Amino acid sequence: MESKIRIKMGPIEIDFEGSESFLKENLLEFLKAISEIAGSSRLGVDGGLTALANDPIGQEKTNQSENNISGTTNTIAAKLNVKKGPELIIAAAAHLSFVEKQSSFHRSDILKEMQSASNYYSKHYLNNLNRSLKMLVKNHSLVEQKKDIYALPSDAAKELEARLAQ
């Protein structure tokens, strides 16, 4: 017999549809795992998970830089040799993450940072922003934590941090 269940614990919400036998046999273990995730210190200030693409359970450490990376989005874009809109989105996300010390950021904050990089920004980037964000999420360069709330995945953050520290 098919069963449906919805579980919400803090910011975590899970819908399950499947066999009743699976629920009977695995529900308790599953709830314990969800409880550990929801109750951990891995929740961001906005109530969203700071967990990122390659670590779905999250990490104690956020994307905040251990190195003293500084500078404007223009500076970061120059270090990253930005040539296209999606690359400028990553530069903006790097600025928000490493310089502004934000573990996640709203779409409007990304756009504002992109526009602040006057040496690199083109008004065409605004027209393609939604498409570029979707592409970056699909290729795991960004994580969409909630609608219009993004973060750098841990592996991408580490790579960017290393490139910017040089």
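The values are calculated or read from the model by the stated rules, or taken from the named source; none is laboratory data. Owing to the predicted nature of the structure, the values given are computational and were not obtained by experimental measurement. Note that each Cβ is placed from the backbone with ideal geometry, even for glycine, and that neighbours are counted across all protein chains shown. Note: areas computed on protein heavy atoms with side chains; ligands, DNA, RNA excluded. Shrake-Rupley method; radii C 1.70, N 1.55, O 1.52, S 1.80 Å.
Here are a few things to note about the model shown:
- Qualifying residue in the stretch 142-150 (condition: of a type in the set (Asp, Glu), part of a loop (DSSP other than H, G, I, E, B), more than 13 Å from Lys84 (Cβ to Cβ) and open to solvent by less than 90 Å² (accessible area, probe 1.4 Å)): yes
- Selection from the stretch 96-107 of residues that are touching a residue at least 24 places away in the same chain (Cβ under 8 Å) and either open to solvent by 10 Å² or more (accessible area, probe 1.4 Å) or touching a Leu at 6+ places or on another chain (Cβ under 6 Å) (or both): Ser97, Val99, Lys101, Ser103, Ser104, Phe105, His106, Arg107
- Of everything in the stretch 108-131 that is among the charged types (D, E, K, R) and buried (at least 17 other Cβ atoms within 10 Å of the Cβ), the residue that is farthest from Ile69 (Cα to Cα) is Asp109.
- Leading residue by the ranking (nearest to Ile69 (Cα to Cα)) among those in the stretch 132-141 that are open to solvent by 20 Å² or more (accessible area, probe 1.4 Å) and in contact (Cβ under 8 Å) with a residue 12 or more places away in the chain: Ser141
- Scan of the stretch 151-166 for residues that are loosely packed, with under 13 Cβ neighbours inside 10 Å and hydrophobic (A, V, I, L, M, F, W, C), ordered by number: Ala162
- Pairs with Cβ under 6 Å, 6+ apart, first in the stretch 118-130 and under 17 Å from Thr73 (Cβ atoms), second surrounded by 11 or more Cβ atoms within 10 Å (Cβ to Cβ) and among the polar types (S, T, N, Q): Asn119/Asn74; Tyr121/Gln115
Condition check ((1) within 19 Å of Val137 (Cβ to Cβ); (2) touching a Phe, Trp or Tyr at 6+ places or on another chain (Cβ under 9 Å); (3) modelled with pLDDT of 55 or more) across all residues:
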| residue | (1), (2), (3) |
| --- | --- |
| Ala38 | no, no, yes |
| Thr50 | yes, no, no |
| Glu66 | no, no, no |
| Asn81 | no, no, yes |
| Gly85 | yes, yes, yes |
| Ile89 | yes, yes, yes |
| Ile110 | yes, yes, yes |
| Met114 | yes, yes, yes |
